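Worksheet for the structure shown next.
The values are calculated or read from the model by the stated rules, or taken from the named source; none is laboratory data. Model, not experiment: these values are computed from the prediction. Quick reminder, even Gly has a Cβ in these numbers, built from the backbone with ideal geometry, and neighbours come from all protein chains shown.
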Amino acid sequence: MPKRSWQRRGKAAMDLIEFFSNHVFRMVFFGTTVIGIVSGALGAFAYLRKQSLISDVIGHAALPGALLAFLMAVVVFGINGRNMLLLIVGAVVTGTLAALFANAVAARTKIAIDTAMAISLTTFFGLGMLLLRMIANNPYPGKGGIQDYLFGNAASITRADLTTSVAVGALALTLMIVFWKEFTLRTFDPVLSTMLGFRARVIDTLMFSTIVIAIVIGVKAVGFVLMVAFVVTPPAAARQWTNTLPGMVALSAVFGGIGSGLGAYLSISLGNVPTGPVIVLVLFSIFLMSLLASPKRSIVVTALRRVRARKALRRELMAEGRNP
Amino acid sequence: MTPIACECRDLSVAYREDPVLRRVNFCVPTGSVMGIVGPNGAGKSTLIKAMLGLVTPLAGTSEFFGKPLDDVRNRVGYMPQSASVDWDFPTTVIDLAVMGTYGELGWFRRPGKAERARAMAALEQTGMQAYASRQIGELSGGQRQRAFLARALVQVPDLYFMDEPFQGIDAKSQQAMIDVLKDLSAQGKTIVIVHHHLGSVLDFCDHVTLLNKSIIASGPGEETFTKDNIRIAYEASDGAEAFLAEAG
């Protein structure tokens, strides 16, 4: 299996020089770090718009799109079906369709948004699994490793994939910076945004595109199923530490980048361990640390404060000669 | 004849099948402070929202300074009922006030020093300058409303719509806001204010509209805010009876 060609036994960890002198390791490291930074930064707006779950819908619904893109490429155009850009286009189309479907059902019927999202997610994902089996059962050229779309395979990142990730990621980050003011206002106060004459549909489309990009950018390395963690976990952790939006976006990008880089390093040096899941666990550790240790919102500090307040109250009541 | 700041003609609104407003004709003379009064569910907020296009009416048209809203957006400010935003949003009071300049900045342009200075001046007007760098979630209800009023002031509109600005706020904040309203009125601005406390309507409104799904009466306060009209609007509800009994 090509996936485990770099599998190591014996040593528990490797030194950094050895790590970075290996081309595959470098690609894994930089590829996942770029994904972490981009998804972390863009995920902050998804978090604030309370669209964390919609990114899960997009992630699962991107599977049939990526597979249809593969089929189109192979059957109709006769080109390489695993091209990263092609894959992204396919994923964006079905991911968007699924999210629009869920929103439309929730807006026009009495069915709640969580139900609508669950129906949309499972239907599109089911369709994706069906296509996956169909491709596996037929002799399409270049179909090897296509099941990696589900859970990713960081070792398969090529230099061209890295370039595409950087380009697409930079495009999405540029969109976010150029429309920073519009994104912020629409997220915080959609009514004022409309009142001041900003077209909701334009901003929503732009914001939605950035969120979709944040998810599909990681399909090859991490896979669609786990990508949502890259979009959701870093901003949730970052929110614990900062009270400004620029601070939150920057910190979320840093958490995403560090978590991914560290996760990639760990997964390789530990040997036969898949990269995506390790990164998800590292991101979760950052999240947990943030919940426990952040200065203003730490659950530990909050609990201690309550204990102290209760003791102080008891002392006061005793001093007043009453039974607490 | 006084010029008209805003008016709507034959405005009807329904949420799903329930009619909320029926053929409302409503007009506000320039420079007046118009209070919109009526029982719960009378459609007071809906009237404002429908005029501003935030709710799609079934029928009817609205004009502001004789023009459709899109032509005069910068002249119209709106202060929604509180609690309509996420108070845990990572933004400070000064950043909130700066948002009032976004309309005139338009697409792409970013707020700079001048915009921040204006926002700070507006915060001073509402007595909120000391809280400029606070996260909005750390404010009390009254402080939140004053911060939102500052944001509306930054926009420098000629016409203000305010939806229940005094709901659930402390006496100090209420007084600070009434002072600002009187100031605005003295400058010749027009203010439309949804208010539910009958006893204090005439304290700061010179015009009153009594609404209950349709207009009961609308015009100068002393002509419209009469016992008979209040009784019709409130359909003899307890709150109104108590008020009328007190008023003698």
**Asked** If you go through segment B:53-84, how many residues are out of contact with any Phe, Trp or Tyr (no Cβ under 6 Å at 6 or more places or on another chain), among the hydrophobic types (A, V, I, L, M, F, W, C) and within 19 Å of A:Ala200 (Cβ to Cβ)?
**Response** 3
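Residues are listed down the side, and each one gets a yes or a no for (1) of a type in the set (A, V, I, L, M, F, W, C); (2) surrounded by fewer than 21 Cβ atoms within 10 Å (Cβ to Cβ); (3) within 14 Å of chain B (Cβ to nearest Cβ); (4) in contact with a His (Cβ under 7 Å, 6 or more places away or on another chain):
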| site | (1), (2), (3), (4) |
| --- | --- |
| A:Gly145 | no, yes, no, no |
| A:Ser156 | no, yes, no, no |
| A:Val168 | yes, yes, no, no |
| A:Val178 | yes, yes, yes, no |
| A:Val191 | yes, yes, yes, no |
**Pairs, first closer than 21 Å to A:Gln51 by Cβ in segment A:110-133, second surrounded by fewer than 16 Cβ atoms within 10 Å (Cβ to Cβ), C-beta under 7 Å, six or more apart** = none
**Fill in**
(1) closer than 21 Å to A:Ala221 by Cβ; (2) over 21 Å from the mean Cα position of the chain (by Cα); (3) of a type outside the set (Lys, Arg); (4) at pLDDT below 90 all hold for A:Val92 apart from (2)
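Take segment A:73-89 and flag every residue that is assigned to a helix (DSSP H, G or I) and surrounded by fewer than 23 Cβ atoms within 10 Å (Cβ to Cβ).
Looking only at segment A:73-89, we keep the residues that are assigned to a helix (DSSP H, G or I), and these are A:73-77, A:84-89.
Once the filter is applied, which keeps residues that are assigned to a helix (DSSP H, G or I) and surrounded by fewer than 23 Cβ atoms within 10 Å (Cβ to Cβ), segment A:73-89 yields A:Ala73, A:Val74, A:Val75, A:Val76, A:Phe77, A:Met84, A:Leu85, A:Leu86, A:Val89.
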**Residue among A:Leu262, A:Leu313 that alone is part of a helix (DSSP H, G or I), over 25 Å from A:Lys50 (Cβ atoms) and at pLDDT 95 or above** = A:Leu262
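In segment A:194-203, how many are more than 8 Å from chain B (Cβ to nearest Cβ) and part of a helix (DSSP H, G or I)?
4
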**Request:** Output the number of residues of segment A:180-189 satisfying the condition of being facing chain B (nearest Cβ under 9 Å) and in contact (Cβ under 8 Å) with a residue 12 or more places away in the chain.
**Result:** 5
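Suppose the filter is among the β-branched types (Val, Ile, Thr), more than 16 Å from A:Ser290 (Cα to Cα) and either away from chain B (no Cβ under 14 Å) or free of Cβ contacts under 8 Å to residues at least 24 places away in the same chain (or both); does A:Val212 pass it? Please lay out each step first, then the result.
On the way: among the β-branched types (Val, Ile, Thr): yes; more than 16 Å from A:Ser290 (Cα to Cα): yes; either away from chain B (no Cβ under 14 Å) or free of Cβ contacts under 8 Å to residues at least 24 places away in the same chain (or both): yes.
Yes; evaluated as a whole, the condition is true for this residue.
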**Asked** Can you find a residue in segment A:246-269 that is without any contact (Cβ under 8 Å) to a residue 24 or more places away in the chain, more than 14 Å from chain B (Cβ to nearest Cβ) and either small (Gly, Ala, Ser) or surrounded by fewer than 22 Cβ atoms within 10 Å (Cβ to Cβ) (or both)?
**Response** yes
